[in-house]
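Here is the structure we will look at, set down as structure tokens.
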Amino acid sequence: MTLDTPSVQYLNLDPSFYVREDVWHAERHKIFARTWQFMGPVSAVAGAGRYLAIDIAGIPVFAIRGRDGALRGFKNVCRHRGAKLLADGTGQCGLIVCPYHKWSFADTGRLVQAPWYGKDPAIIPEDWPLQEVALAEWRGLLFASLDPEMPLIEQLGDLPQELADEPMERYTATDSATVSFDANWKVYTDNFVEGYHIPGTHPSFYAAIDFEAFETTAHRGYVRMTAPPREGLFYRGKWLWMWPNWTLSLFEGGMNVSRINPTSPHHTDQHYHFFFADTSEAGAEARAKSVNGTLAVVREDYQVCVETHRNYAAGAYTSGPLSGRHEKGVQYFQERVAAALGV
Ligand code: FES
Ligand SMILES: [Fe+2]
């Protein structure tokens, strides 16, 4: 779908949707549990025993490379009394040992040992394997889903065509960063899918692009924003956001990919992964410029998002109109949220 019909006036989502507990509950079940969530680069789980653990809107999951070479996904939750097994991030393990009472699980999810459990009655290990989570890979990126409503490729919509010429496989994941802010994930997403705020919020970024030529279009599965960069900007002038919560922005010689993950209606973490073609020592300065430049721009976004969220939460705001010229991506995102929640 391309939202290029002449705009009827579209009002911003009702502010209560950003703060209500029942909406948050519905989003967790109808959006975050049912969609594919970007975990990180597949290269993070390349060797036997390597794992990558993330949080999906409060549900911890991990992917682990088995000794048999297979990649498997599990809830990061012990079958005994529900403790978290592995710390978020990447690591290496033999058995997966629960820190609480030391139950241990194999990389196949099988319960190996429940020490000191006793024999009256004895535990039957086959009855208590880790709960599986679906995994899928696309062009070097790893995704997980708790209860997928469609295959990953279907969720991606027309994105594969959009990036067909991008040499993603030639890039190496070199850096990652997690940044956190006190705003609803939709406040930040609304912000990400429009360039309208660039003159007001990002003065240096504004000076580095031809803003008059900024274009935003919504497509099946994603929103594309483009603007011709002026000389010296680390961005290549194309920014993508994909349903429901991940982003991909092109650099000269690389890209960043991020996931926008809510941990409550009022708090969001954004997990960034940076990929570059040139991983040489000589390229370190250019890479640092792209990484730091990205984080500097998004910090400016967080500030305005936190203040906006506070106004929504306080009941200080009633929905205003969205720009047909610049905010079609916001409309696309909000309509998909409403459709997913059935409202
Ligand atoms: S909760 Fe994991 S061993 Fe008890
Ligand atoms: Fe921004």
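Some values worked out for this structure:
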{"read-out": "For Arg236, distant residues with modelled amide H under 5 Å away", "value": "Leu250, Phe251, Glu252"}
{"read-out": "Phi-based couplings in Hz for the stretch 266-278 (Karplus 6.51, -1.76, 1.60; Gly and Pro marked x)", "value": "10, 9, 9, 10, 10, 9, 9, 10, 10, 10, 9, 6, 9"}
{"read-out": "Calculated [θ] (222 nm, deg cm²/dmol) that DSSP helices of n ≥ 4 give over the chain, each run adding -39,500 (n - 2.57)", "value": "-6500 deg cm²/dmol"}
{"read-out": "Ascending count of other beta-carbon atoms within 10 Å, so fewest first, for Cys78, Cys93", "value": "Cys93, Cys78"}
{"read-out": "Relative frequency of Cα-Cα separations exceeding 33 Å in the chain, percent", "value": "31 percent"}
{"read-out": "Cα-based shape type of the stretch 36-148, given that a ≥ b ≥ c are square roots of the gyration tensor eigenvalues and the cut on a/c is 1.5", "value": "prolate"}
{"read-out": "Free-standing Cys residues across the chain, given no other cysteine C-beta under 4.7 angstrom", "value": "Cys93, Cys305"}
{"read-out": "Chymotrypsin sites (Phe, Trp or Tyr not before Pro) within the stretch 84-120: DSSP coil, no more than 10 neighbouring Cβ in 10 Å", "value": "Trp116"}
{"read-out": "Given 10 as the ceiling on other Cβ atoms within 10 Å, longest exposed-site-free region of the chain for trypsin sites (Lys or Arg not before Pro) in DSSP loops", "value": "120-343"}
{"read-out": "Degrees separating the helix 328-341 axis from the principal Cα axis of the chain, which is the longest one", "value": "40 degrees"}
{"read-out": "Added length on full extension, which subtracts the Cα-Cα distance from 0.36 nm per residue, Asp68 to Lys30", "value": "10.3 nm"}
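Values in this text are rule-based calculations from the coordinates and carry no lab data. Bear in mind the structure is a predicted one, so any value in this text is a computation, not a measurement. Virtual Cβ from ideal backbone geometry, glycine too; neighbours counted across all protein chains shown.
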